1. Would you calculate the separation in nanometres between label points at residue 69 and residue 53, each defined as 7 Å from the Cα along the Cα-to-beta-carbon direction?
2. State, to one decimal in nm, how far the label point of residue 146 lies from the label point of residue 21, with both points 7 Å from Cα in the Cβ direction.
3. Please report 155, 114 as a ranked list, fewest other C-beta atoms within 10 angstrom at the top and most at the bottom.
4. So if we plug the beta-carbon distance of residue 116 and residue 61 into 1/(1 + (r/R0)^6) with R0 = 45 Å, what FRET efficiency do we get, rounded to 0.05?
5. Using a 10 Å cut-off around each Cβ, can you sort 172, 20 from fewest to most neighbouring Cβ atoms?
6. Taking neighbour counts of Cβ atoms within 10 Å as a proxy for exposure, in what order, fewest first, do 103, 65, 168 appear?
7. If R₀ is 25 angstrom, what is the calculated FRET efficiency for the pair residue 178 and residue 127, using the beta carbon separation as r and rounding to 0.05?
């Protein structure tokens, strides 16, 4: 239908030109004997053009229905995406230890959220087993664009070599349907602490800051 709207003038031109062209063609003498007279051939060509026009309309209608179906499927997908909670998690620093943050980044409330914890970290995490038992027996409601937090008693302010190897595995489910399993590594956050009090790194940061402050290093986009 979009093609018809765009090239409507071509169809009007064809309605004018085709009868004139047919009349001219039928008046040309045939090189070989043919069946029927001009009137017969004119009727045949008219019927053929009508059939082709009907086929074209059927084709355009089918394409329009296909486009409408694709648009409807996309609208359904967008509606589902906008009305389905989006949950994730991460470790964040808090005071002198880590907290597990479970986020709802969508615009709808996440109800009946279940959280399961396990770990490959070898050393004992204070109260970790108690937290796992607590989570196994609870479900949570997380409002839109908000989070809930749980203490993970791993000390944050340590040298990178002293932070424990391994990861926490966090499985999040929504109304008994698993959203996903996330792995969070304490060692990924070591950069927050190793920079503090390191003179060489502080000097490097100062040099970078000075260059950014100099207008000749600024690039206009």
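1. 2.8 nm
2. 7.0 nm
3. Working: 155 14, 114 19.
Ascending Cβ contact count within 10 Å gives the list 155, 114.
4. For R0 = 45 Å, the calculated efficiency reads 0.30.
5. Working: 172 21, 20 9.
Least crowded to most crowded, the residues run 20, 172.
6. Working: 103 17, 65 10, 168 22.
By the 10 Å Cβ count, ascending, the order reads 65, 103, 168.
7. Step by step, r from the Cβ atoms, then E = 0.45.
The numbers here are math on the coordinates, done by the rules we state, and not lab data. As the structure is a prediction and not an experimental result, all values here were calculated from the model. Neighbour counts run over all protein chains shown; Cβ positions are idealised from the backbone, glycine included.
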